[in-house]
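Have a look at the structure below, then the notes.
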Amino acid sequence: MLVRFLSLTIMSAALSVMPALAHHSHGNYEDLSKWTAMQGTVKEVHWLVPHSWIYLDVKDAKGEVTTWALEAAGRLAIESVGVKREDVKPGDTIKVRCHKLRDGANGCLLGFVTPTHGDVARGNGVEKDWDGGGGR
């Protein structure tokens with residue numbers, strides 16, 4: 001009976017952790033040792049749990065705008081490394097370093113954000129970690 005109880009307990013624990021591990025996989029992004037840099041105008045910022053998002057309008061060489069979805073850590077993780085909500089707002093210009101999606105879609109795993117909006121009080125020119133863990 002004890003063996004059955006322990007087996008059931010171990011299986012339950014393993015199964016409860018598996019969705020969390022799958023959810024936090026970075027397997028759908030390109031090589032995590034390489035960064036893609038881009039800059040643009042913030043369209044939207046969503047401070048959510050488990051992941052926050054920045055939607056960034058980026059102009060290409062022809063001047064055409066494409067919106068990129070940048071996946072960041074959750075609100076609490078971002079705030080824990082010193083980022084404040086007022087640091088980045090819609091309409092601001094920012095530079096980012098991220099890991100692009102493997103499938104070539106306009107999406108990235110966000111690592112670092114540098115506001116270039118000109119407001120020193122809101123962190124202009126200061127790169128901050130939006131992955132919450134040193135940009136992995």
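The values are calculated or read from the model by the stated rules, or taken from the named source; none is laboratory data. Remember, it's a predicted structure, so these values are computed and weren't measured experimentally. Note that we place each Cβ from the backbone using ideal geometry, even for glycine, and neighbour counts take in every protein chain shown. These accessible areas exclude ligands, DNA and RNA; they are computed on the full protein's heavy atoms, side chains included. Shrake-Rupley method; radii C 1.70, N 1.55, O 1.52, S 1.80 Å.
List of remarks:
- Its Cα centre serving as origin, segment 85-124 has a Cβ charge dipole (Lys and Arg +1, Asp and Glu -1) of approximately 160 debye.
- Distance-filtered residues of segment 97-136 - backbone nitrogen under 16 Å, label point 7 angstrom along Q39 Cα→Cβ: 97-98, 112-120, 123-128
- Taking a ≥ b ≥ c as the square roots of the eigenvalues of the alpha-carbon gyration tensor, segment 26-96 is classed oblate because a/c is 1.5 or more while a/b is no larger than b/c.
- Cα gyration tensor category, rounded, prolate or oblate, for segment 95-136 with a/c compared to 1.5: oblate
- Using only side-chain charges placed at the Cβ, +1 for Lys and Arg and -1 for Asp and Glu, the dipole size of segment 20-101 relative to its Cα centre rounds to 100 debye.
- Anisotropy class assigned to segment 54-136 is oblate, per the alpha carbon gyration tensor with a/c at or over the 1.5 cut-off and a/b no larger than b/c.
- For segment 27-123: accessible area per residue (Å², 1.4 Å): 53
- Our coupling estimate for segment 27-35, obtained by passing each phi through the Karplus curve with A = 6.51, B = -1.76, C = 1.60 and θ = phi - 60°, is x, 8, 10, 4, 2, 6, 8, 10, 10 Hz, Gly and Pro reported as x.
- Eligible lysines near K89 by straight Cα distance, threshold 19 Å, same-chain separation 8 or greater: K43, K59, K128
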